Every structure is written in structure tokens, then in C-alpha cells.
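Take a look at the structure below.
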Amino acid sequence: MSEPTENARPLKVIVADDQAAVREPLAAVLALSDGIEVTAAAADGTEVLAAVAAAPVDVVLMDLRMPVMDGIETTRRLAEEYPETAVVVLTTFADDDSILAALGAGARGYLTKNAGRQDIVRAIRAAAAGQSVLDREVQDRLLATVRSRPPAAGPPLPADLTPREREVLTLIGRGLPNRAIAQELFVSEATVKTHINNLFAKADIRDRADAVRRALAAGLV
């Protein structure tokens with residue numbers, strides 16, 4: 001993902017975590033990143049919703065286990081009430097139930113708290129641009145979960161997919177992130193994103209998890 005240009009509007013971000021010892025340092029570190037403006041730090045989902053209602057933001061960096069309103073319900077509410085706000089989950093939990101619940105609620109990214117600052121910043125920028133970013137551990141678990149289940153028949157892939165779009169779908173099905181797909185195909189990440197956007201639109205694919213399922217069902221993986 002390219003660095004923001006000098007004239008680009010900074011991305012407005014809320015950091016949500018019930019532990020002040022995590023929330024406050026993370027907000028401070030992100031505030032030092034180019035192109036990111038941390039507008040609020042929230043201790044639970046109700047604080048997130050109140051902050052977004054007061055001042056819309058581009059991305060919420062969301063913990064899952066919070067009191068009053070947890071991250072799953074908050075993500076669902078944001079998807080329904082503020083669909084222009086993307087959610088990137090940042091949590092210590094990488095179990096199947098948490099991953100599937102968060103992605104099902106509408107999260108665009110899922111990182112574990114082992115992620116470094118650059119990984120988090122990259123995920124925030126990707127989510128704001130409408131892309132999905134999954135931690136490698138999360139991708140592996142998601143793939144294992146999907147592969148352990150019989151693939152649903154689902155609709156066939158459309159006949160007008162280009163050979164390159166089929167290649168991209170195959171690589172998504174193998175769990176590769178955009179950067180690795182770009183390296184595999186010797187193209188830029190921007191080109192990969194264009195192929196993914198076209199692929200998702202043509203095949204009516206909702207998100208990356210759905211793309212993995214479709215790739216498996218089509219026998220591409």
C-alpha cells in the first residue's frame with residue numbers, strides 16, 4: 001500500500017479496547033503515523049458508537065472482548081448504521097468462532113495483537129480503501145476451517161472471468177494476501193486490487209472469506 005501523499009486527507013481512526021494499558025499507548029503510537037489521525041479512544045462499544053455519531057471516522061480499530069457492548073455487536077451496529085466506517089479487529093483471540101463472527105459482522109480486517117505498528121497501519125489504510133487484510137495466522141485458521149467443511153455448491157463462477165481474475169481467485173483461495181499475490185503475478189498491488197474489485201463484482205463475492213469458499217467450491221484450490 002502506497003504511503004499517503006502530502007495533500008491526502010488523514011484517515012480518521014478510533015481505537016477501541018477496554019484496557020487503558022493497551023488503548024492509550026496504541027492510540028499514541030498510531031497518532032505518530034503519517035496520514036493517520038486518532039480522533040477518539042473508546043473503552044467499549046457504546047463509546048465507539050457515540051464517538052462515530054459525533055464525528056464520522058474512516059476506521060475503527062476494534063478489540064473483541066469489551067464490557068457493556070463487545071466488539072462483535074459493535075461491528076454489526078457500525079455496518080448497519082455507519083457502513084462508510086470500516087472495522088479492523090485487533091485482538092488476542094484467533095479462534096474460529098471469533099474470526100468467523102467478526103468477519104460475519106462486517107469486519108474488513110482481522111489482526112492479532114502480535115501485529116506490529118506497520119502491519120496495523122497497513123491494515124487501516126487497506127480497510128479505508130475497501131480492501132480486506134487478515135493476519136497470516138487468521139488466514140491459515142480460516143482456510144483450515146473452510147477446508148474442513150464440504151464446500152457448498154454455490155453459484156458457478158461467471159463465464160466472463162478473465163484468466164487473470166481466475167488466477168487471483170486461486171491465490172486468494174490459497175490464503176495469499178495482496179502483496180504476495182502481486183509478487184506471484186509480477187504486478188503491482190494496485191493492479192491486484194483492480195483485479196479483485198472486478199472479480200468480486202462479476203462473481204458477486206462479498207468478502208475475502210467468501211472468495212476462499214468460492215475458490216474451493218470451484219475446485220481452484
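Restricting attention to helices (runs of 4 or more DSSP H) lying wholly within segment 127-221, give those where 3 or more residues are in contact with a strand residue (DSSP E or B) (Cβ under 8 Å, 6 or more places away or on another chain). Give the steps one after another, and end with the answer.
Numbers: elements: 136-147, 163-173, 178-185, 189-203, 208-217.
Hits in segment 127-221: 136-147.
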Inset, instruction - Output the residues belonging to segment 49-72 that are open to solvent by 70 Å² or more (accessible area, probe 1.4 Å) and touching a residue at least 24 places away in the same chain (Cβ under 8 Å). - result: P56, R65, V68
Legend entry - Count of segment 195-221 residues which are open to solvent by less than 50 Å² (accessible area, probe 1.4 Å), among the charged types (D, E, K, R) and closer than 11 Å to L157 by Cα: 1
Legend entry - Search result, residues across segment 200-219 that are within 17 Å of A144 (Cβ to Cβ) and without any contact (Cβ under 8 Å) to a residue 60 or more places away in the chain: D210, A211, A215
Legend entry - Failed item, numbered, when T39 is tested on (1) of a type in the set (S, T, N, Q); (2) open to solvent by 20 Å² or more (accessible area, probe 1.4 Å); (3) under 16 Å from A107 (Cα atoms): (3)
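Could you tell me whether any residue of segment 112-119 is farther than 14 Å from D58 by Cα, surrounded by fewer than 16 Cβ atoms within 10 Å (Cβ to Cβ), more than 11 Å from the chain's Cα centre (by Cα) and among the small types (G, A, S)? Break it down into steps so the answer makes sense when it comes.
First pass over segment 112-119, keeping only residues farther than 14 Å from D58 by Cα: 112-119.
The next check asks that each one be surrounded by fewer than 16 Cβ atoms within 10 Å (Cβ to Cβ); those that pass are 113-114, 116-118.
Filter once more, so that each one left must be more than 11 Å from the chain's Cα centre (by Cα): 113-114, 116-118.
Okay, now just the ones that are also among the small types (G, A, S), so 116.
Taking every residue of segment 112-119 in turn, at least one turns out to be farther than 14 Å from D58 by Cα, surrounded by fewer than 16 Cβ atoms within 10 Å (Cβ to Cβ), more than 11 Å from the chain's Cα centre (by Cα) and among the small types (G, A, S).
In this structure, does V88 turn out to be buried (at least 16 other Cβ atoms within 10 Å of the Cβ) and over 25 Å from I205 (Cβ atoms)? Explain how you work it out, then say what you get.
Values: buried (at least 16 other Cβ atoms within 10 Å of the Cβ): yes; over 25 Å from I205 (Cβ atoms): no.
For V88, the condition - buried (at least 16 other Cβ atoms within 10 Å of the Cβ) and over 25 Å from I205 (Cβ atoms) - is not met.
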Legend entry - Scan of segment 79-103 for residues that are more than 16 Å from V60 (Cα to Cα), in contact (Cβ under 8 Å) with a residue 40 or more places away in the chain and in a helix (DSSP H, G or I), ordered by number: D96, I99, L100
Legend entry - Failed condition for D96, given (1) modelled with pLDDT of 95 or more; (2) in contact with a Ser or Thr (Cβ under 7 Å, 6 or more places away or on another chain); (3) surrounded by fewer than 22 Cβ atoms within 10 Å (Cβ to Cβ): (1)
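Report yes if G45 is on the phi < 0 side of the Ramachandran plot, open to solvent by less than 60 Å² (accessible area, probe 1.4 Å) and of a type outside the set (S, T, Y), otherwise no.
Values: on the phi < 0 side of the Ramachandran plot: yes; open to solvent by less than 60 Å² (accessible area, probe 1.4 Å): yes; of a type outside the set (S, T, Y): yes.
Taking the combined requirement at face value, the residue satisfies it.
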Inset, instruction - May I ask you to verify whether S132 is without any contact (Cβ under 8 Å) to a residue 12 or more places away in the chain and open to solvent by 20 Å² or more (accessible area, probe 1.4 Å)? - result: no
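Can you tell me which residue in segment 40-78 is nearest to V13 (Cα to Cα), limited to those that are outside any loop (DSSP other than H, G, I, E, B) and of a type in the set (D, E)?
Going residue by residue through segment 40-78, those that are outside any loop (DSSP other than H, G, I, E, B) are 40-42, 45-54, 59-62, 71-78.
Subset that is of a type in the set (D, E): 47, 73.
Details: E47: 14, E73: 19 Å.
The extreme case among them is E47.
The values are calculated or read from the model by the stated rules, or taken from the named source; none is laboratory data. All values reported here derive from a predicted model rather than from experimental measurement. Methodologically, a virtual Cβ is constructed for each residue, glycine included, from the backbone with ideal geometry; neighbour enumeration extends over all protein chains shown. In case anyone asks, the SASA skips ligands and DNA or RNA and just uses the protein heavy atoms, side chains included. Shrake-Rupley method; radii C 1.70, N 1.55, O 1.52, S 1.80 Å.
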